[in-house]
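Undergrad: Mind looking over this structure? Questions follow.
The values are calculated or read from the model by the stated rules, or taken from the named source; none is laboratory data. Only a predicted model underlies this, so the values are computations on that prediction, with no experimental measurement involved. Heads up, the Cβs are rebuilt from the backbone with ideal geometry, glycines too, and the neighbour counts pull from every protein chain shown. What goes into the accessible areas is simple: the full protein's heavy atoms, side chains included, and nothing from ligands, DNA or RNA. Shrake-Rupley method; radii C 1.70, N 1.55, O 1.52, S 1.80 Å.
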Amino acid sequence: MVELVAKSPCGGRLPVEHGASRLSEVAMTRLTSLQPKQGQEKALSQALKSAHGMVFPAPNRATGKEGARAIWIGKGQAMLVGPEPDAGLAAHAAMTDQSDAWAMVRLEGAAAENVLARLVPVDLRQTVFKRGHSVRTMLQHMSVSITRISDEAFFILAFRSMAGTLVHDLETAMKGVAARR
């Protein structure tokens, strides 16, 4: 009988480091899509605060901290990253386990902004895109969510099926930026 072995979305391709940037895979954790039921936005935000210490994020924002974040992922939708969702949230939101559907990476270092500038059509400079800001955008040809988590670090979510391409595109840009220094 064949024994199945769980693999991370990036399949051992990470971490990589080039110049002043480092790309690493974020350990697999719980991802839960939250969509407030009609008229339940405020109640969901209050329940999320009581249960997990963060409110439902405004558009293009993230709340919470390392290990427990709520990231805006689209109109009327957020991704709870980290904790097992409190059962009480179901009274106010549709919840879907997304844990196996996404790849999660962290791009950090002094050159991280320059790396992303080569790949995304969004201004991610810290003067504009501050800590806690989040955007759903295209990275090359794939849809991603990018959240600034510190002065020099970004949390990136991409569909698991695109993990290899995500790593390739980011690493290529990292090498290009490093070569210019």
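Undergrad: Dipole size in debye (nearest 20) for the chain around its Cα centre, Lys and Arg Cβ +1, Asp and Glu Cβ -1?
TA: 480 debye
Undergrad: Ok, one more. Could you work out how far apart the two model spin labels at Ala110 and Ala90 are, taking each label as a point 7 Å from the Cα in the direction of the beta carbon, and quote it in nm?
TA: Going from the Ala110 label point to the Ala90 one covers 5.1 nm.
Undergrad: Something else: Once the convex hull of the C-alpha atoms of region 133-181 is built, how many Å³ does it hold per residue, rounded to a whole number?
TA: Taking the convex hull of the Cα positions in region 133-181, it is 79 Å³ per residue.
Undergrad: Can you give me the convex hull volume of the Cα atoms of region 1-91, divided per residue and expressed in Å³?
TA: So the per-residue hull volume is 143 Å³.
Undergrad: How large is the charge dipole for region 30-97, taken about the Cα centre, if only the Cβ atoms of Lys, Arg (+1) and Asp, Glu (-1) carry charge, to the nearest 20 debye?
TA: That gives region 30-97 a dipole magnitude of about 220 debye.
Undergrad: Ile149: accessible area at probe 1.4 Å, nearest 10 Å²?
TA: 20 Å²
Undergrad: Same structure again: Considering every Cα-Cα pair within region 75-181, what fraction, in whole percent, is farther apart than 21 Å?
TA: Working: 2258 of 5671 pairs.
Value for region 75-181: 40 percent of Cα pairs lie more than 21 Å apart.
Undergrad: Turning to a different aspect of this structure: To check my understanding: the extent here is largest minus smallest coordinate of the Cα atoms along each principal axis. What are those three numbers for the chain, in Å, largest first?
TA: Result, largest extent first: 56, 52, 25 Å.
Undergrad: Sticking with this one: Between the helical axis of 163-179 and the dominant principal axis of the chain, each derived from Cα atoms, what acute angle in degrees is found, rounded to the nearest 10?
TA: The two axes meet at around 50 degrees.
Undergrad: What nm distance separates the two modelled labels at Ser161 and Ser8, each placed 7 Å from Cα along Cα→Cβ?
TA: Each label point is offset 7 Å from its Cα along the Cβ direction, giving 2.3 nm.
Undergrad: Now a separate question. In angstroms, what radius of gyration and Dmax does region 99-157 have, counting Cα atoms only?
TA: Rg then Dmax for region 99-157, in Å: 10.7, 34.
Undergrad: For region 46-112, with equal point scatterers placed on the C-alpha atoms only and solvent neglected, what are the log10 I(q)/I(0) values from the Debye formula at q = 0.15, 0.17, 0.24, 0.29 1/Å, to two decimals?
TA: Reported log10 I(q)/I(0), two decimals: -0.51, -0.64, -1.19, -1.54.
Undergrad: Just how many pairs of Lys in the chain have C-alpha atoms closer than 27 Å, counting pairs that are eight or more places apart or on different chains?
TA: The number of close lysine pairs in the chain is 15.
Undergrad: Something else about it: Using the Cα centre as the reference, give the magnitude of the dipole from point charges on the C-beta atoms of region 125-181 (Lys, Arg: +1; Asp, Glu: -1; all else neutral), rounded to the nearest 20 debye.
TA: 160 debye
Undergrad: Just need the relative contact order of region 89-181 here, percent rounded to a whole number, with Cα pairs under 8 Å and 6+ apart.
TA: 32 percent
Undergrad: Note down the relative contact order for region 30-97 as a percent, whole number, built from C-alpha pairs under 8 angstrom at least six residues apart.
TA: 44 percent
Undergrad: Find the accessible area per residue for region 30-97; the probe is 1.4 Å, ligands and nucleic acids are left out, and the unit is Å². Don't jump to the answer; show the numbers that get you there.
TA: Working: 3480 Å² over 68 residues.
Solvent-accessible surface per residue comes out at 51 Å².
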